[in-house]
Every structure is written in structure tokens, then in C-alpha cells.
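For reference, the structure discussed in these notes is given below.
The values are calculated or read from the model by the stated rules, or taken from the named source; none is laboratory data. The shown structure was predicted, so the numbers you read here are calculated from the model rather than taken from an experiment. Virtual Cβ from ideal backbone geometry, glycine too; neighbours counted across all protein chains shown. Surface areas here come from the heavy atoms of the whole protein model, side chains and all, with no ligands, DNA or RNA. Shrake-Rupley method; radii C 1.70, N 1.55, O 1.52, S 1.80 Å.
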Amino acid sequence: MGIVAGLDSSPDFTRIVVCDSDTGAVLRQGYAPHPLESPEGGGRPADVDPQAWLLSLGEAAGGGLLEGVQAIGVSAQANSVVPLDAQGNTVRPAMVGGDKRSQVAAADLIDALGGREAWAQAVGSVPQTGQPVTKLRWLARSEPEAAARTAVLLQAHDWLVWQLLGRPVRRTTDRGGASGTGYWSAATGGYRPDLVELALGHQAILPEVIGPADAAGTTPEGLLISAGTGETQAAAFGLGIGLGDAVVSLGASGSVMAVHPEALVDQYGMITSLADATGMHLPVVTTLNAVRALRGTAELLGVPDLESLSELAMKSTPGSHGLVLLPYLEGERTPNLPHTAGTLAGLRRESMRPEHLARAAFEGMLCGLADALDVLRGRGVDVRRVFLLGAAAELPAVQAAAPALFGTQVVVPQPADYAAIGSARQAAWALGVSQGTLDPRTPPVWQGAVAQVLEPGAELAVGQAVRQQYVSVREQTHPGAL
């Protein structure tokens, strides 16, 4: 039995799992928060000293956690930029998260290249506020001295891998991480240095993109370090999703991604064409509104939490007595309606009851995500089952409605550290390839996630009628938006 570790450095903490390299069984785990100060007014900081990630990593690995480990995989938060000078020192703190400062920069970049379609053709995505390419434009405009000193660009997982290897001359990344930058194309498998120059004002050294089963190197102590990847790709790899699978994530906003054999170019910019951690592709469609619509409805109805809202919704019936909520409370990305508001339609005297509004909120959220799924299906993406992630996936009202509204089997995995598990699986793959026991084209087969499986069954026809009711209201309210 080999022993491998997966390390996930999320925005708030480091999580480490130590696994059996053959089966994926978790043997032990570690956790430590990042030592970060919250900005005034709360929320997460947009600037972080990357040393905080190393401190938290050291704490999470304490107590001999990594004893006997032969290989480590690293995943970290996406949308991060660590700008380094020519000596490899940070020019300024790392820029992380969905940074609101760079909204103007995103619009600037879209115009500078000639519009959304030009970006989609170039790199498979349109600049968004959080993306590294957009952060570079903000840096060039707001901190020109720091931008001028920036010689090397890394993301969080690239920087951590480089530190673990003792800061070698060679710096690496993987396809998954590179595909989120806005200056690497999943379709061509190459960088667009001209887009770095467009954003930053000059060229910079970019990490070498290595294969999914390649090792980034070996630490001074002899530990093999795999390529690493972004948190999204690592979680998908940890769940073990493959062709025919989609993942729907229920956060305040929502996202839908699926495994596909080729990169998708979407001229409207609704699809972000990411690469995954196996050599395949991971097209993603995001919605601005998911659980925030449930929280808003709970406040409106005066119920204390989402569990109570779910209980209330279960007293209604599919279709919510004709009530339809278009949950576009923050505007919307899918469909692209940035300045719109939500809509409540179908009000009749008999539908004006708390349970019907509660049910309409759940159906509206899920139908909005079904719209996102349909964007992928419309481009030939095969969806035979949907993995449903996030705390809200456990709610009975979500589980009752999702299979019929999505029109397919729904899998609700037990909560686990899937990004860290995916990183460990990647480490096991690189270790096996280095030892000649695994094929670089075929990742190790690990035991799948423990999960509930929900089928649409007899509810399918009813669910599709509810979905049609939603689509009719969307088309009347926003003709041709999708």
C-alpha cells in the first residue's frame, strides 16, 4: 500500500487528507484556518499575503500527519494571482476571490479585444471580475509601479507547489488551473501572451503547463509533488465524475459543470470553457442566484432558516398552485440580464399562501439551474446524472423537486473534502506513473463518494410541466433571453 496526501488551500483554511493510494480510503486528516484579518465591514479580504497559506499548511500538517506519505497533490482557490518580481519575491499581496475592484477592468478588457465573442474565441471565456486576466488589468491601472515590477505570474496552487519544491527555477501549473486565467486556451492548449500584455502592459513569465499525471518535481526530502490543480477541478476529480455526469453546486449563486471530450466556444460568453484534471474538458455555466433566492424568501415569509422554508414548501404541491418565481434578485448571468430584477408571476387568490411561495422559491431556483444545464445540453453535452452539491442539497424540498425538474437521476454525495481527496488521487496517479504501475492516460480507480441516489420516476411528467410553466413566464418576461 502506498500513502499519498491531498492538500486543499481554500479561501479560509487548509484541509489535508492522507489516503491509501490504491483504494482512496482516508486514513487521517488535518485542518487549520488561514491566519487572515477580516477587512472592515466583514467579508473576505481581496488581498492576502501568501505566507498565510504556508503557515496554515504547516499547522494543518502538524503532529506527524504526513508521516509515511510518498506523494502530495495540491489544489487551491481559483481566481488568484501571485505577482512575483524577477527574484521570485511577491511584488504585493496575492489578489484573490471575486474581486469587485476589477469590474471596470473587465469591461475595459472586453472592449479592448473587440467584444465578448473575440474573447470566447481566444480563450473560451469572457473576462469576469474575479479572473486573473482582469486582476492584471486592475493592477496595471491602479498600481502601475507594482505592475511594472511584476515579472512572473502564478496562481495559488502554482505558488504552493513551487514553495513545497524549494522554489526551483522551473515553475509549473496544470491545464485546469491555466484554463481559468483568461490567458490560456483549453481549445488550443496554449497561452496567449498577447492577452497578458493587453492586461498588464508588458509580457511576464508564465508557468509551464504539465500533463494531468505528470509530477511537478520532488521535494528536498524526496516527496513527489503532482501537478496540482484548481479547487473546482480537484473536487470534480475527487467525486469521480466522468462523461455523462454534471455537477450542480448550490451556493448563494449557482454553477453547473459537466465533463466533455472537447472545449466549447460560446460566442455569448455564457459557457466558461475550463479544462479538468484528467485531460478532458469542464464547461461551466454560472447563475448569480441560487440559495440567495431561498434566503430572501425565508426572510419575506418570516421563517427562521432554510430547513423551516423547506418544511413549509413541502406542504404545497408541484407547480406551487401556479406561482412562478424568476429568481433574478441580483440580475442574472444565465440568461445574460445583468440589470434585471426577480419576477413573481401567477398570483391568484388561492395561490397567495406562504407554502406556495416557499415552494415557488425552490422550483424557481432549480428551474434557473435547469436553464443552465440546458445551455450545456444544447451544445451537445451528454447529461445522464447530476451530482448536487452544497448544504442546500440536503433539504427535502430540493431533493423532492430536483430529479423531475432536471429530468435525470440526481446524486447527493455525503459532505466530504472532495477537493483534498481529488488532490490526493492526483498524487496517487503521478506516483503510480513514476513507479511504472499506472498509465498516464488512466487515473487510479478509487471508491466512489457515498451518496443518496434520487430518480425522477413517476414524477418526471409533472416536473417537466412545472419546468414548462417556468419557461413560459421567462419567455413572456424576457423574450429571447436564452
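Tabulated values for the structure
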item	result
Largest-first ordering by accessible area, 1.4 Å probe, given options Leu309, Leu36, Leu274	Leu36, Leu274, Leu309
Amide N of segment 53-70 lying under 13 Å from the label point, which is placed 7 angstrom from the Cα of Thr219 along Cα→Cβ	54-55, 57-70
Highest to lowest packing among 329-341, 444-456, 399-411, scored as the average C-beta count within 10 Å	399-411, 329-341, 444-456
Pairwise FRET efficiency - Lys315 versus Arg141, Cβ, R0 = 60 Å, nearest 0.05	0.65
Shape category assigned to segment 232-276 from the gyration tensor of Cα positions, a/c cut at 1.5	oblate
Computed over segment 1-126: relative contact order in percent, which uses C-alpha pairs under 8 Å that are six or more apart	23 percent
Accessible carbon and sulfur surface of the chain relative to its total accessible area, %, 1.4 Å	52 percent
Those trypsin sites (Lys or Arg not before Pro) in segment 344-407 that DSSP places in a loop and that have at most 10 other beta carbons within 10 Å	Arg348
Shape call, segment 261-411: gyration tensor on alpha carbons, a/c limit 1.5	prolate
Per-residue SASA entry for Ile210, accessible area with 1.4 Å probe, Å² rounded to 10	10 Å²
Computed label-point distance, nm, for sites Glu350 and Ser472 using a 7 Å Cα→Cβ extension	1.5 nm
Heavy atoms of Leu66 accessible to a 1.4 Å probe, total area in Å² rounded to 10	50 Å²
Accessible area expressed per residue, the chain, with surrounding protein chains retained (probe 1.4 Å, Å²)	40 Å²
DSSP H segments from the chain that extend 27 Å or more along their own axis, Cα-based, with Kyte-Doolittle mean of 0.0 or above	354-377
Average Cα contact separation per residue, segment 326-482, under 8 Å, 6 or more apart, as relative contact order %	25 percent
Helix-derived mean residue ellipticity, 222 nm - over the chain, DSSP H n ≥ 4, -39500 (n - 2.57), to 500	-10500 deg cm²/dmol
Rounded to 5, the percent of DSSP beta bridges in the chain classed as antiparallel	65 percent
Rounded Å value of the spacing that divides the Cα centres of segment 220-276 and segment 453-482	27 Å
Extension gain, Ala112 back to Leu243 (0.36 nm per residue minus Cα-Cα distance, nm)	43.5 nm
Taking the chain and dividing mean pair separation by its residue count, relative contact order in percent (alpha carbons under 8 Å, at least six apart)	16 percent
